[in-house]
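Comments concern the structure below.
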Amino acid sequence: MATRTDNEIRELSPEEWDQRVDEQARKRLGMSGEEFERRLNAGEIDIDDSPDVTRVAMMLPLHATHK
Amino acid sequence: MPHTSKTPAEAVEHYRGRTVRLLSCVTSVHVVVRAYHLSDVPHELELADTAKMRGGPLSIDVAEEYEVRQGADGWHVEILGYLYAIGYEGRELVSYHWHPSGSSPITWPHMHVGANIQVGDRWLGKVHLPTGAVGLERVVAMAIAELGAKPLRDDWERLIGEAAIR
């Protein structure tokens, strides 16, 4: 078995990242990224509701700012 | 003691390099990051998608939040939250979470197991089983050494050892 090279890193701009959040929210949860973020912040959705909820919540750029 | 760098950019480069080398032990799926810039807002790093691992119906998903901090010896990356999930046959087998901010009252590191067991009126899979902080290297090591994922590179043990030093 040959040692392979490292994985690729793709840098996304803030706009591209927002688009990614939206795509993942629609794919995994059936709602827009904007709606998901609003409902999460309002407490209507718990981050541990499901693996998909946790996964998308971890993508939100402001998620960890409330330190 | 964390690895320290002379500049924030170097610290991020070191962190990214360490993480992609670690993930390359079990998957070739690429890593996605928000372009780094100096910011008070934490940054994200994650696998582009849930990745199948070689050696059976196992998969892995990874997301981390981090920020760059300055210490007495230089700059280093601090992990502020994570999600490390191992799947089996398309269902979550075990996941390690730490999301200390936001609306959840569960601010400590914990794990969920994909066990279909009822405990009173609760399902075990919904219970937050407390853990200490878990490093990605331990999850990758578990996937290979204990769950049977086939490593994609033959220096995986060295990389896991290096990652553990941070």
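Values in this text are rule-based calculations from the coordinates and carry no lab data. What you are looking at is a predicted structure, and each value in this text was computed from that prediction instead of being measured. Because the Cβ atoms are built from the backbone with ideal geometry, glycine has one as well, and the counts that use them run over all protein chains shown.
Provide a single number: the residues in region B:94-105 that are touching a residue at least 12 places away in the same chain (Cβ under 8 Å) and surrounded by 18 or more Cβ atoms within 10 Å (Cβ to Cβ). Let's see the steps before the verdict.
Kept after step one, since they are touching a residue at least 12 places away in the same chain (Cβ under 8 Å), are these residues of region B:94-105: B:94-101.
From what's left, surrounded by 18 or more Cβ atoms within 10 Å (Cβ to Cβ): B:94-99.
Within region B:94-105, residues that are touching a residue at least 12 places away in the same chain (Cβ under 8 Å) and surrounded by 18 or more Cβ atoms within 10 Å (Cβ to Cβ) number 6.
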Give B:GLU78, B:GLU44 a once-over and let me know the one that is free of Cβ contacts under 8 Å to residues at least 24 places away in the same chain and in contact with a strand residue (DSSP E or B) (Cβ under 6 Å, 6 or more places away or on another chain).
B:GLU44
Which of the residues that make up region B:106-129 are within 12 Å of another protein chain (Cβ to nearest Cβ), in a loop (DSSP other than H, G, I, E, B) and out of contact with any helix residue (DSSP H, G or I) (no Cβ under 8 Å at 6 or more places or on another chain)?
B:ILE106, B:THR107, B:VAL127, B:HIS128
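Across region A:11-32, which residue is nearest to the other protein chains (Cβ to nearest Cβ) among those that are under 25 Å from B:ARG91 (Cβ atoms) and of a type outside the set (A, V, I, L, M, F, W, C)? I'd like the intermediate steps shown before the answer.
Step one: of region A:11-32, the residues under 25 Å from B:ARG91 (Cβ atoms) are A:20-21, A:23-31.
Now restrict to residues that are of a type outside the set (A, V, I, L, M, F, W, C): A:20, A:23-24, A:26-28, A:30.
Numbers: A:ARG20: 7, A:GLU23: 11, A:GLN24: 9, A:ARG26: 14, A:LYS27: 10, A:ARG28: 10, A:GLY30: 18 Å.
In this case the residue turns out to be A:ARG20.
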Given the conditions (1) surrounded by 16 or more Cβ atoms within 10 Å (Cβ to Cβ); (2) outside any loop (DSSP other than H, G, I, E, B), which single one is not true for B:PRO151?
(2)
Of all residues being assigned to a strand (DSSP E or B), within 13 Å of chain A (Cβ to nearest Cβ) and of a type in the set (Lys, Arg) in region B:43-96, which is nearest to B:ASN116 (Cα to Cα)? Just the residue, please.
B:ARG91
